[in-house]
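The values are calculated or read from the model by the stated rules, or taken from the named source; none is laboratory data. Everything quoted here is computed from the prediction, not taken from an experiment. Ideal geometry is used to build each Cβ from the backbone, glycine not excepted, and the neighbour counts take in all protein chains shown. Side chains are part of the model used for accessible areas, which takes the heavy atoms of the whole protein and leaves out ligands, DNA and RNA. Shrake-Rupley method; radii C 1.70, N 1.55, O 1.52, S 1.80 Å.
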Amino acid sequence: MTSEPEQQWGVGTQDAFQRLWTPHRMAYIQGENKPSGPGADDGCPFCSLPAKSDEDGLVLRRGERVYAVLNLYPYTGGHLMTVPYRHVADYTDLTAEETAELAEFTKQAMTALRAASGAHGFNIGMNQGTVAGAGIAAHLHQHIVPRWGGDTNFMPVVGHTKVLPQLLADTRKMLAEAWPTA
């Protein structure tokens, strides 16, 4: 079944494209939740999150030196981060104990994502410094992005839009319940 494109007034030049408006993305684009400076007391969200409840902070698991939290601006459903409690910017500044716990939390995150959502693969990485793409460069964090066969479509490439099938609170609950016990 085919249909004629719907007229959309007020979107500039008329064309055959449909629009999927994502006004919630403006918070990220405009820098909401960004620290005002490089220090831990400059509004660093990774320093303030541990003081919140797991539900309010979207925290999945807390360790001795590291915690896991959902990304507030995810690339895919289940996109999470492992974050040291200590406010450090560079991977080389981690202690051996922090490095080991960060690695263990990454393994546990992969296990939880596979169990909860059947992830087929992962993108795992850190952006070290603003020039490397770190949104919050002053506080180290590692991204764990679950992937599924066929999950990349035209939306992020052409539409500059991410389609997420689940609310963050629901994703947090699902992954927290699937997190393996040590």
*Quote the accessible area belonging to Met110 in square angstrom, nearest 10, computed with a 1.4 Å probe and with ligands, DNA and RNA left uncounted.*
40 Å²
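Net charge near Pro50: determine it from the other residues with C-beta under 13 Å of the C-beta of Pro50, scoring Lys and Arg +1 and Asp and Glu -1.
Combined, the nearby Lys, Arg, Asp and Glu give +2.
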*Accessible surface of Arg61 - all protein chains present, 1.4 Å probe, nearest 10 Å²*: 70 Å²
